[in-house]
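The values are calculated or read from the model by the stated rules, or taken from the named source; none is laboratory data. This structure is a prediction, so every number in the text was calculated from the model and none was measured. Cβ: placed from backbone, ideal geometry, glycine included. Neighbour counts: every protein chain shown. What goes into the accessible areas is simple: the full protein's heavy atoms, side chains included, and nothing from ligands, DNA or RNA. Shrake-Rupley method; radii C 1.70, N 1.55, O 1.52, S 1.80 Å.
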Amino acid sequence: WDPLVNTLLLALATIALSLLIGVPIAFLLTRTNLPARKWFSTALIVPYMVPAWTFALAWRTIFKNRQVAGSAGWLEVLGFSPPNWLAYGAFPIVVIFTLHLTPFVILLVTNAVSNIPEELDEAARTLGASPRTRAFKVYLPLLKPSIISAATLIVAKVIGEFGVAYVLGTPADFQVLSTTLYQSISTQQGGVAGVIAMTMVAIGAISLFIDFT
């Protein structure tokens, strides 16, 4: 149960942070006169193009400490010893997932915002609607399909991502479904591996069902 709970918590935290960051950026890129918007539109996609495990290796190189890893990272060499929760475990995994998947949210929401007629927002302003009211009454209902699609695909990515959880979770004994499946196969625990694999497939199927409905 612990790997399942850890996986779902990582997915929920990543969804919340990715939407919190990605949706406002999508509005900035489509509904404002932000300088160098085209450059930002391209630059913000780069983290999604880079494999997530490379971020995990970079994080470990910078933040690892001798207490867990047995060797010093960059910060420890400079005189600062990162705490274990910063070097390994749930926190760095969520940060890397958010960094890697927020561009995906930006792509989906940007396209959805671009397709919303500006006349709707202008009409709401004419009627005296506040920015908060326009956000929740005009934009949010129309963006709901793209937000749900982004959330369900983030769940699928988090479930299937092995490298990040292995690099940053294993030293702290933080297990998720993918790393537990790998360990079960490595130790020839066929029954456990089968249960975990079916659980991952079931979560993926539920995510697709939610997306399509």
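The residue that is farthest from Arg60 (Cα to Cα), counting only those in the stretch 175-202 that are in contact (Cβ under 8 Å) with a residue 40 or more places away in the chain and in contact with a Leu (Cβ under 8 Å, 6 or more places away or on another chain), is Thr199. The set of residues in the stretch 168-195 being assigned to a helix (DSSP H, G or I), open to solvent by 20 Å² or more (accessible area, probe 1.4 Å) and β-branched (Val, Ile, Thr) consists of Thr170, Thr180, Ile185, Val192, Val195. Contact map, the stretch 6-35: first residue more than 22 Å from Glu161 (Cβ to Cβ), second residue open to solvent by 60 Å² or more (accessible area, probe 1.4 Å), Cβ cut-off under 7 Å, separation 6 or more or different chains; pairs are Leu29/Arg37; Leu29/Phe40; Thr30/Ser114; Leu34/Leu28; Leu34/Phe40.
Per-residue answers, yes or no, for (1) of a type outside the set (Lys, Arg); (2) under 16 Å from Leu143 (Cβ atoms); (3) surrounded by 19 or more Cβ atoms within 10 Å (Cβ to Cβ); (4) in contact with a strand residue (DSSP E or B) (Cβ under 6 Å, 6 or more places away or on another chain):
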position: Leu20; (1), (2), (3), (4): yes, yes, no, no
position: Ala26; (1), (2), (3), (4): yes, yes, yes, no
position: Ile45; (1), (2), (3), (4): yes, no, no, no
position: Phe97; (1), (2), (3), (4): yes, no, yes, no
position: Gly128; (1), (2), (3), (4): yes, no, no, no
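Of all the criteria given as (1) more than 19 Å from the chain's Cα centre (by Cα); (2) not in a helix (DSSP H, G or I), the one not satisfied by Leu142 is (2).
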